[in-house]
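Right, one structure below, let's go through it.
The values are calculated or read from the model by the stated rules, or taken from the named source; none is laboratory data. It should be emphasised that the depicted structure is a prediction, and the values quoted were computed from it without experimental measurement. All Cβ positions, glycine included, derive from the backbone under ideal geometry; neighbour counts span all protein chains shown.
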């Protein structure tokens, strides 16, 4: 507590400090931009299933340059059946003091989760990858390094499930579990966001399906209203990101107004809005020009966004394209360079480091 008798002397104290040590900056440090790199979504030939600690170390090494200017995080899906392998990779990440984010509620939890042998999501039909009790266990073990949670494509998967039940049953993948009710459950989102708030973590809520670009979808308008209500309960926790992987390359026409879908949530308590920058903006993700990735990233930075997430991992790092089936690539001589940065990653790193202004 400040002694009231000292208050009149504060200007003189500050003046003396300025004379002795130079200018005194009383402003809070400027928040750095968060860069999040997806490294495993639960694919059968992913880093976790293959317990590929070498590739993980190389990815972390490749990100060190960006860490000089940005807050950099790794993103993983925790739904793998063999939790010992997951912990092996998390221990490797923690040993290098790299913060990470877990995908806790996502379309991958249903598509890659409920229909693959290597995964065991907590509630695959609703895309819940991990129970709150297991999440608490990991938070207790890794502390601040478990820095955030992601809720991903909850709205677009809700739309997909509605279509499977009505107009497009062919969209259902073999073995995929379909919920009898809605995929988007506000209670699930609420529980994870509350967990993040209680544990001083951030949340990325990412999707490509928004009412701003799909006004015809009345249930989506209702979903967004419920989401806004949750944001108001936990202000400053969630950053809402537009994902530029709309089907049929529809995101390509959004480069000039993508933010219209997500900037409105700041008024409801969101920490801000940002971008999920994906080579899946093109039908063939490996043929996506890196100039597209860079242009989108710059559009987010230019608007003052504080969060940009990148995927898939094999576009930015030398790893096999994801497969639903389990495949071992670690013993394949063709992948001796696994985890090394691709030319796409090197170009992105240079563009982000050269971008004017502070990261």
- line: Selection from the range 124-143 of residues closer than 14 Å to residue 178 by Cα and free of Cβ contacts under 8 Å to residues at least 60 places away in the same chain yields 124, 125, 127
The one condition in (1) at pLDDT below 95; (2) buried (at least 22 other Cβ atoms within 10 Å of the Cβ) that residue 161 fails to fulfil: (1)
- prompt: Where in the range 272-359 are the helices (runs of 4 or more DSSP H), entirely inside, with at least 1 residues that are modelled with pLDDT under 95, more than 22 Å from residue 254 (Cβ to Cβ) and in contact with a helix residue (DSSP H, G or I) (Cβ under 6 Å, 6 or more places away or on another chain)?
  reply: none
- prompt: Looking at residue 245, is it under 28 Å from residue 113 (Cβ atoms), in contact with a strand residue (DSSP E or B) (Cβ under 8 Å, 6 or more places away or on another chain) and either at pLDDT below 95 or assigned to a loop (DSSP other than H, G, I, E, B) (or both)?
  reply: yes
message: Here is a check on your reading of the model: is residue 266 in contact (Cβ under 8 Å) with a residue 60 or more places away in the chain, in contact with a strand residue (DSSP E or B) (Cβ under 9 Å, 6 or more places away or on another chain) and either closer than 25 Å to residue 201 by Cα or crowded, with 21+ Cβ neighbours inside 10 Å (or both)?
response: no
- request: Name every residue in the range 88-106 that is in contact with a helix residue (DSSP H, G or I) (Cβ under 8 Å, 6 or more places away or on another chain) and farther than 29 Å from residue 209 by Cβ, in order of residue number.
  value: 88, 89, 90, 92, 93, 94, 96, 97, 98
Matching residues, the range 42-59, being touching a helix residue (DSSP H, G or I) at 6+ places or on another chain (Cβ under 7 Å) and either surrounded by fewer than 22 Cβ atoms within 10 Å (Cβ to Cβ) or at pLDDT below 95 (or both): 51, 53, 57
- prompt: Tell me, which residue of the range 172-207 that is under 15 Å from residue 130 (Cβ atoms) and touching a strand residue (DSSP E or B) at 6+ places or on another chain (Cβ under 8 Å) is surrounded by the most Cβ atoms within 10 Å (Cβ to Cβ)?
  reply: 203
message: Quick check on the range 205-228: of everything there that is in a helix (DSSP H, G or I) and out of contact with any helix residue (DSSP H, G or I) (no Cβ under 8 Å at 6 or more places or on another chain), which residue is farthest from residue 167 (Cα to Cα)?
response: 225
